1. What residue among P163, P87, P194 shows peak mean-square fluctuation when the chain is described by a Gaussian network model with Cα springs under 10 Å?
2. In whole Å, what is the distance between the alpha-carbon centres of segment 226-249 and segment 177-200?
3. Compute the Cα gyration tensor for segment 212-281, then decide on rounded, prolate or oblate, letting a ≥ b ≥ c be the square roots of its eigenvalues: rounded whenever a/c is under 1.5, prolate when a/b is larger than b/c in the other cases, and oblate in all that remain.
4. I want to check the label-to-label distance for T119 and D139. Put each point 7 Å from Cα in the C-beta direction and report it in nm to one decimal.
5. For segment 1-74, what is the Kirkwood estimate of the hydrodynamic radius, computed as the reciprocal of the mean inverse distance between distinct Cα atoms, to one decimal in Å?
6. Rounded to the nearest 0.05, what FRET efficiency is calculated for V70 and M1 with R0 set to 22 Å and r the Cβ-Cβ distance?
7. Out of E25, E90, E60, any idea which swings most in a Gaussian network model of the chain, alpha carbons joined below 10 Å?
8. Taking every alpha carbon pair in the chain, what does the distance histogram look like in 5 angstrom bins from 0, in percent?
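All of the numbers you see were taken from the coordinates with simple rules; none came from a lab. Since we're looking at a predicted model, the values are computed, not measured. Cβ placement follows ideal geometry from the backbone for every residue including glycine, while neighbour counts extend to all protein chains displayed.
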Amino acid sequence: MVAFSSDGAWLSAAGQGGKVWIWQEGQLVHTLDRGHRWIDHLAWHPHLPEVAFSLGKHVEVWQGATEAVVHRVDFVNSAVRALAWHPGGEWLTAGGYQALKFWNRSDWLADPICFDLPTATEIVAWSPQGQYLAIATIDNFVIIFDWLDDRFGDFPWRLGGFPGKIRGIKWFTEQKLVTWSGTEIVIWKLDPDPIVGWQPTVLEGHTDWVNDVSCHSAKNLLASGGKDGLVLVWQGKQPLQTLSVQEEISCLTWQKDSLLVGTIEGKVWQWQMGTKRKDKE
């Protein structure tokens, strides 16, 4: 697992080897060794050089200013299965078995806010301004909470009907998000009437699992890639462009008007909209 800080100056990587590597401006500045314990999640603070990482039932926070772990919090219920910062930077969110927990960065020693669930959380994703929190559960539901600064609204929305495991959630705008499960991509938009809730638009075009999706909010574009070796660029319900790389696509991301596409074979393509791809090693 790798993660960049929001300003791109810091990069961290971790995995099954129990180490966290941290680079600043391309230079390795610190290595944290946690033995043989798996590290499954990394999350950079949205404004500061601080990275949180999971360690079993615990979360540690490393600070760039001191080059040291400055905080450690306990999830208790289970191993941490999902981790994210609120966009405002004041809350660290963790999900796992039967609970969501929120620690206030200004007082790490205070008890976290807890929200009990009858299931386990697999993904947590905050909307860009932090008004909503979307989670994916192990029993294939998406739950969207209205966040009121330090608590949830009374009536969260529950979205269902997914064909299998929910593999990802990303936000387009404050009231528009995308989910993917199996071969389906669904764009959800919040109706002006909150009682109506989130309305789905299904995008169909992949013939095998969708592995990753990237949103280009400025151009209202969505790119998706999957096991079928296809990259589809969507504008609305129809594919705007299709790229076949003939290898399973593991990840993709927009970089201004270019799309970077990575495969399980270790190749990276840079694709400029309206042009042919550029292969990179």
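1. P194
2. Here the two parts' Cα centres lie 21 Å apart.
3. Prolate, since a/c reaches 1.5 and a/b exceeds b/c.
4. Taking the simple label geometry, T119 and D139 are separated by 0.7 nm.
5. When all Cα pairs of segment 1-74 are included, the Kirkwood radius is 12.0 Å.
6. Step by step, r from the Cβ atoms, then E = 0.55.
7. Among E25, E90, E60, the largest GNM mean-square fluctuation belongs to E25.
8. That works out to 1, 5, 12, 15, 18, 17, 15, 10, 5, 2, 0, in percent per bin.
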